[in-house]
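Taking it in order: structure first as structure tokens, then the write-up.
The values are calculated or read from the model by the stated rules, or taken from the named source; none is laboratory data. Computed from a predicted structure; not experimentally measured. So basically every Cβ, Gly included, is an ideal-geometry build from the backbone, and we count neighbours across all protein chains shown. Accessible surface is based on the protein model in full, side chains and every heavy atom, while ligands, DNA and RNA are left aside. Shrake-Rupley method; radii C 1.70, N 1.55, O 1.52, S 1.80 Å.
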Amino acid sequence: MTTDLGMPALGGLDLVPAADGPQKAKDYTSDQEVRWCPGCGDYAVLAAVRSFLPTLSIRRENTVFVSGIGCSSRFPYYLDTYGMHSIHGRAPAIATGLAVSRPDLSVFVVTGDGDALSIGGNHLIHALRRNVNMTILLFNNRIYGLTKGQYSPTSEVGKVTKSTPLGSVDHPFDPVALALGAGATFVGRAMDSDRKGLSAVLEAAARHRGSALVEIYQDCPIFNDGSFDVLRRPDDAESRVITVRHGEPVTFGTDGRWAVVRRGFDLDVAPTAEVAPEDVVVHDATDAGLAYALARLTGQDLGHAVFGVLRQVQRSTYDDLSRAQVQQAVESGDADLGALLHGSDPWTVRDGVVTTAAAR
Amino acid sequence: MATTVNPGTAPQRRDRVVIRFAGDSGDGMQLTGDRFTAEAAAFGNDLATLPNFPAEIRAPHGTLAGVSSFQLHFADHDILTPGDRPDVLVAMNPAALKANVGDLPAGGVLIVDTDEFTPRNLAKVGYATSPLDDASLEPFTVHEVAMTSLTTAALEPLGIGKKDAERSKNMFALGLLAWMYGRPTEGTERWLRDRFARRPEIAEANVLAFRTGHAYGETTEAFAVTFEVAPAVLPDGTYRQVSGNTALAYGLVAAARRAGLPLFLGSYPITPASDILHELSRLKRFGVTTFQAEDEIAGIGAALGAAYGGALGVTTTSGPGLSLKSEAVGLAVMTELPLLVVDVQRGGPSTGLPTKTEQADLLQAVFGRNGEAPVPVVAPSSPADAFDVAVDAARIALTYRTPVLLLSDGAIANGSEPWRVPEEDDLPDLTVEFAAAPNGPDGRFLPYARDPETLARPWAVPGTPGLEHRIGGLEKADETGDISYEPANHERMVRLRQAKVDGIAVPDLEVDDPTGDAPVLVLGWGSTAGPIGAAVRRLRTAGHRVARAHLRHLVPLPGNTEAVLRSYRTVVVPEMNLGQLAFLLQGRFAVPVESETKVAGLPFGAAELAARLTPYVTKEQVTA
Ligand code: SF4
């Protein structure tokens, strides 16, 4: 829907009541014992989320985490906010109902690669296309952890797992490309261990009005150990990790050794020294084509991986428009239940006498 | 209107009449039937209707598969069913004749559009010669009317296209019937002008076709006799005609209003439930939000999300959709949030018979979830009753913090009848209180601490300071709601959830047993109420002692159910499935129950059911 309702451009948190005073990570920590495996990447994300939430300066009780099923979906239990650990794949649908009916809440969805992209794929793409005001944290460990090690819809081709002893023949999704294809207005990516980068993307996502998808590369040391190590070891990361910032040229590596340049409709990487400065791609988060090309630059072999806010644009949200329609109708003041129930042609019976509309 | 040309004969009185309009799906028979129904209602008759149409939107023209019909029973007294066999059959083409003439009793009135009886149309349905030319229609009073050409001739001065002119022939038929039964005409003309407000030339064409049909009756010798069905003197009150889907939608709106909550509908289009979505989407002024979801699961998911946020959450569907929603219903059981799940049953299994009626989702509603997942189940008995049952379902959901399954069906959804409109103040007060403060020791909030009376847990909506808590599908520790895998805790929680549903307050089963000593009880649920009532009336008129009772609450059953069942020598349960309520009652109470079933996609007829019940009452009469 592109109808301009003349509504002010709102931020993602503008209708959420502000906190009375400063908050700390401790305030957001629940009394529940965290039960992920030792070394799980989820711990780092939890720590980052606990410390970034206070920076939003909104009331804790107006913060809701809705999750699906999977290791990461235990997340809500560990935060002292409102939360619902729901059923497999359906968190975006539940969050949609909540966000539409409660504009005063900041709604987060916590999901994984199996939860969001396999069983819940339909809900994810529809939430993104509708642009419901919610922030989706997609923990991608490229494996099924909770069910003990089957390949997932982001596992690379050839992956040997419990259910693919001869190697997976399934082609993976790229969650960022999928989200862009679904019309997402905010798509970002971060690494579990990169507290600073992760917090920055999460904060931008939470402040975005509309559906924001943040893919978080997350290590599962038990079933997919070291799957993102090439992006963590400084030597490898040097030529692979690309972090984009809106309005800045896309260069990476020590002292910006590498630059992203255009090749036809795609992007490529070249040594910065060999590229004319004007040929270095400047990141524009509103450029849909560029966002998709950046997504394609991230291969399943992680030859390169793009982090940061890949896309952010303003588009009216489903929940705002839906509420506006209801509010407008309510304000028209014509909510006479008696008139509704009686309809246009009622008749009466009194002491055996029938009086009909026709008789009147 | 023109003055009456045939004033000679006074109208003949009839106490009740059944009319069936039948034609091609493109002939507008549903609309014609709806309009006649509205006129009968505006005249103050009691009435009941049965639309019967194919699932295809436009089945091949002129074929048996494409026949659509609408049956209307109207009377000067209270009636219970749409009628078994029509007194008047309007057949707009050979296919409609062939599909319906078998139901017309000898002496019945048959009105056919002769223009459609072309060799090609006759051949399509396997008539070698026209039945209008042989003896097959002799038992009937046949009126051969060239409706199509009379309509197009009358509409010629309007200069509209041939297609549009021909399409108005259903209004000709309606006008003719309006004449025959002395129906007021202003309402239909007003309605046509409203409906086609954006295309005034079409509105005028339809009005003219309607008047032409009416005038044809007035001036044609064959229609000199007209009939009169006086208004029905029902109990005092204000009435309107209402369909089941509309009544249900209104019940939801009224319930939300009485609860002081916004109404949120999450739904995916499905026959025959979609009209509830359509109706509610037009009622935004009552604070109603409708969300057309990407699928059935998202529909209930969003409704549950809204309920978590403090709305009256509702999802509407039919059988296949209920299958898809099962897991989410289980989540609502576990999270103990109020939620209404409406299943407008249709013929199954699988896609089944989308536009036909059946009651075969009962056991799915009662048991169709993994684990021990008790859910209250309620069912309306007629279109108007859907209003009260929707309000009652909301009462149960809000009071006990539980999902509630409401089982309507195709006959209720699309059928209509007079409804005594309630006053808003007479509706139950459904006010709910959200939890506002911690309820545990040391200022802790215990989301699974229970009300000692209802066993309901607190409804603590996000945004309430100090009550932050987590819920979900994993087993909950008693009171704290923390995750718990403790054997004893699971045992306790399973039994608590069951005890909560078992303890829901429902009124006792009322038995209608005029002689007080009937040996046979006929027990029904859902839309079989009408046929059972009509069949029992016939049996009583024939001198049999027979009692009847009807279940609105299937889970939990009324407290006196077992006692009632045991107090009759024979209990017969007629249902439109293979005996699901009978199975439930026998399993629950170990009492013998006789099952009378029908799964034809159509309701029981009154005579049909009376015949099925007769052996039970005669046997008992002999042994008594
Ligand atoms: S299985 Fe993997 S993803 Fe799950 S908790 Fe353990 S380490 Fe984390």
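Other protein chain C-beta atoms within 10 Å of residue C-beta, averaged over B:306-314: 5.
Note on chain A: with a GNM built from Cα contacts shorter than 10 Å, the maximum mean-square fluctuation among A:SER51, A:SER332, A:SER227 falls on A:SER332. When the protein assembly as shown is described by a simple charge dipole with +1 on each Lys and Arg Cβ and -1 on each Asp and Glu Cβ, the residue from A:GLY303, B:GLY107, A:ASN133 located farthest towards its positive end is A:GLY303. Axis of helix A:41-52 versus longest Cα principal axis of chain A: the two differ by about 60°, to the nearest ten degrees.
Calculated over the protein assembly as shown, the projected area of the Cα convex hull averaged across directions stands at 48.2 nm². Solvent-accessible area per residue in region A:25-236 equals 31 Å², computed with a 1.4 angstrom probe and all protein chains kept. The contact residues of region B:455-474, meaning those that lose at least 50 Å² of 1.4 Å-probe accessible area when all protein chains sit together rather than their chain alone, are B:PRO462, B:GLY463, B:GLU468, B:ARG470. Pairs of Lys residues in chain B, spaced 8 or more positions apart or belonging to different chains, with C-alpha separations under 24 angstrom: 13 in total. Here the protein assembly as shown carries DSSP beta bridges of which approximately 40% are antiparallel, counting only pairs with both residues inside. Taking 20 Å as the straight-line reach from the Cα of A:LYS162, the aspartates and glutamates in range (excluding those fewer than 8 positions away in the same chain) are A:ASP113, A:ASP115, A:ASP170, A:ASP219, A:ASP225.
Element breakdown for the protein assembly as shown at a 1.4 angstrom probe: carbon and sulfur atoms account for 52% of the accessible area.
Remark on chain A: ratio of C-alpha radius of gyration to 2.2 N^0.38 Å is 1.18. Sort out for me the Cα centre separation of region B:180-198 from region A:50-124, rounded to whole Å. Distance between centres, Cα-based: 53 Å. Against the longest alpha carbon principal axis of chain A, how many degrees, from 0 to 90 and to the nearest 10, is the axis of helix A:91-101 turned? Relative to chain A, helix A:91-101 is tipped by roughly 40 degrees. Please compute how much accessible surface disappears when B pairs with A, both sides summed, using a 1.4 Å probe, and round it to the nearest 100 Å². The buried area between B and A, both sides summed, comes to about 5600 Å².
The helix-based estimate of mean residue ellipticity at 222 nm for chain B, built from -39,500 (n - 2.57) per DSSP H run of four or more residues and divided by its residue count, is -11000 deg cm²/dmol to the nearest 500. Across all directions, the shadow cast by the convex hull of region A:64-214 built on its C-alpha atoms averages 8.5 square nanometres. Accessible surface area normalised per residue over region B:496-539 is 34 Å², counting heavy atoms of protein chains with a 1.4 Å rolling probe. Remark on region B:236-277: accessible area falls by at least 50 square angstrom from chain-alone to full-complex state for B:ASP236, B:THR238, B:TYR239, B:ARG240, probe 1.4 angstrom. Taking one equal scatterer on every alpha-carbon of chain B, how large is log10 of I(q)/I(0) by Debye at q = 0.05, 0.09, 0.11 1/Å? Evaluating at q = 0.05, 0.09, 0.11 Å⁻¹ gives log10 I(q)/I(0) of -0.26, -0.78, -1.08.
Pick out which of A:ARG233, A:ARG102, A:ARG207 has the largest mean-square fluctuation in a Gaussian network model of chain A, springs linking Cα atoms closer than 10 Å. Among A:ARG233, A:ARG102, A:ARG207, the largest mean-square fluctuation in the Gaussian network model of chain A belongs to A:ARG233. Rounded to whole Å, the principal axis extents of the Cα atoms in region B:12-228 read 44, 43, 39, largest first.
Quick one: putting +1 on the C-beta of Lys and Arg, -1 on the C-beta of Asp and Glu, what dipole do you get for chain B around its Cα centre, in Debye to the nearest 20? Don't jump to the answer; show the numbers that get you there.
On the way: 55 positive and 75 negative charges, 81 e Å.
Charge dipole, chain B, about its Cα centre: 380 debye, nearest 20.
What dipole magnitude, in Debye to the nearest 20, does the protein assembly as shown give about its Cα centre under +1 on Lys/Arg Cβ and -1 on Asp/Glu Cβ?
Numbers: 88 positive and 117 negative charges, 100 e Å.
Value, rounded to 20: 480 debye.
Taking each DSSP H run with n ≥ 4 as -39500 (n - 2.57) and averaging over every residue of chain A yields -7000 deg cm²/dmol at 222 nm.
Legend: residues B:THR431, A:THR81, A:THR348, sorted from most to least accessible area (1.4 Å probe; ligands, DNA and RNA excluded), read B:THR431, A:THR348, A:THR81. Counting every pair of alpha carbons in region A:51-125, the share spaced more than 22 Å apart comes to 21 percent.
Within chain B, which DSSP H helices have Cα atoms that stretch 20 Å or more along the helix axis and a mean Kyte-Doolittle hydropathy of at least 0.0?
Passing helices, by number: B:29-43, B:244-259, B:319-335, B:385-400.
When chain A is treated as a GNM with alpha-carbon contacts under 10 Å, the residue of A:SER155, A:SER73, A:SER86 showing the greatest mean-square fluctuation is A:SER86. Taking the longest Cα principal axis of chain A as reference, the axis of helix A:195-207 is set at about 20 degrees.
For region A:316-360, the Cβ-based charge dipole about the Cα centre amounts to some 260 debye (Lys, Arg positive; Asp, Glu negative; other atoms uncharged). Computing FRET efficiency as 1/(1 + (r/R0)^6) for B:HIS61 and B:ARG569, where r is the C-beta to C-beta distance and R0 is 45 Å, gives about 0.25. The residue list A:GLN150, B:LEU362, B:SER149 was ranked by how far each Cα lies along the charge dipole of the protein assembly as shown toward its positive end, using unit charges on Cβ atoms, and A:GLN150 comes out on top.
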